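Inspection log for the structure reproduced underneath, given as structure tokens.
The values are calculated or read from the model by the stated rules, or taken from the named source; none is laboratory data. Small disclaimer: the values here were computed from a predicted structure and weren't measured. Neighbour counts run over all protein chains shown; Cβ positions are idealised from the backbone, glycine included. Heads up: the accessible areas ignore ligands, DNA and RNA and are worked out on the full protein's heavy atoms, side chains in. Shrake-Rupley method; radii C 1.70, N 1.55, O 1.52, S 1.80 Å.
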Amino acid sequence: MVKAVLAKVIENRPEDAVAFLADYFENFGDKPNKISQAHQQLVLTHHSRPAFEGNVRAAYDILSQFRVSKSLQGLNGVAYTELLQLICSGFPEDVKEKLMKKIGCRDNEVVPFNVFRAAIFTCFVLQDYIKQAEQLFHALDIQKTGTADKVLCETTLNQLFLAVSSSEHGIDTKTVLDAAYSLGPDRLYLALNKAVVSPARGSRGTTTCDEFVISAVDSFLLKVSPLT
């Protein structure tokens, strides 16, 4: 076991090796079930790093020990769904529901690796995308009240939609996130400046962070094709 964890340290190259080891052994000691072990493999490193591909394969192999039927062993829909729910546990409920409609499957289905890999990347990329959307909202929440001007929010969401939708149809979700990160600051500034002087500003209410995030996620999910 020590040799295995040292190999993980070398493979994933964490910034804080001590914290990495503590988290690794804590997960094995307190959460021995396969779902938790698979999840622990996936959070060893960020999805953008090369080592993540190997961690996805390791997680799949762990879950493939389940029995799908009397004569068939592999990853079934129950374990697949439980893992996705665990990854997305911090998402707003509406977001989780919409996401599972795209990447969910039936309990009795056998989940092949390509479907598993695509779903895992979608969840982790969406996790980053939600954080970015929250940061955008907090920048618009000038008074730090937990709400922001609705016109400014709609303007920003429209620019975000244009950035994401301009990416080629059918590409992977990582590229959608890159498109969102490249949201043109000049174009966004001009759009927001126009919204600030708009007579409609201030007459259409406010938007909460959850409402903003859910609307932003809708743009993301437009680029996610159903996996099953």
Residues located in the range 189-214, provided they are modelled with pLDDT of 90 or more and more than 23 Å from the chain's Cα centre (by Cα): Thr206
So which residues in the range 101-132 are open to solvent by 40 Å² or more (accessible area, probe 1.4 Å), more than 16 Å from Val213 (Cα to Cα) and either of a type in the set (S, T, N, Q) or part of a helix (DSSP H, G or I) (or both), if there are any at all? Lys101, Lys102, Asn108, Phe113, Asn114, Arg117
Among the residues of the range 88-100, what is the count of those that are surrounded by fewer than 17 Cβ atoms within 10 Å (Cβ to Cβ) and touching a Leu at 6+ places or on another chain (Cβ under 8 Å)? 1
If you take the residues of the range 133-159 that are assigned to a helix (DSSP H, G or I) and in contact with a Cys (Cβ under 7 Å, 6 or more places away or on another chain), which of them is farthest from Gln73 (Cα to Cα)? Leu140
Subset of the range 42-87 (residues that are surrounded by 19 or more Cβ atoms within 10 Å (Cβ to Cβ), among the polar types (S, T, N, Q) and more than 19 Å from Ile103 (Cβ to Cβ)): Thr45
Of all residues in the range 65-111 being among the polar types (S, T, N, Q) and touching a strand residue (DSSP E or B) at 6+ places or on another chain (Cβ under 6 Å), which is modelled with the highest pLDDT? Asn76
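Which one is nearest to Asp61 (Cα to Cα) among residues in the range 75-114 that are of a type in the set (Gly, Ala, Ser) and in contact with a helix residue (DSSP H, G or I) (Cβ under 9 Å, 6 or more places away or on another chain)?
Per the stated criteria, the residue is Ala79.
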Subset of the range 215-228 (residues that are under 13 Å from the mean Cα position of the chain (by Cα) and aliphatic (A, V, I, L, M)): Ala216, Val217, Leu221, Val224
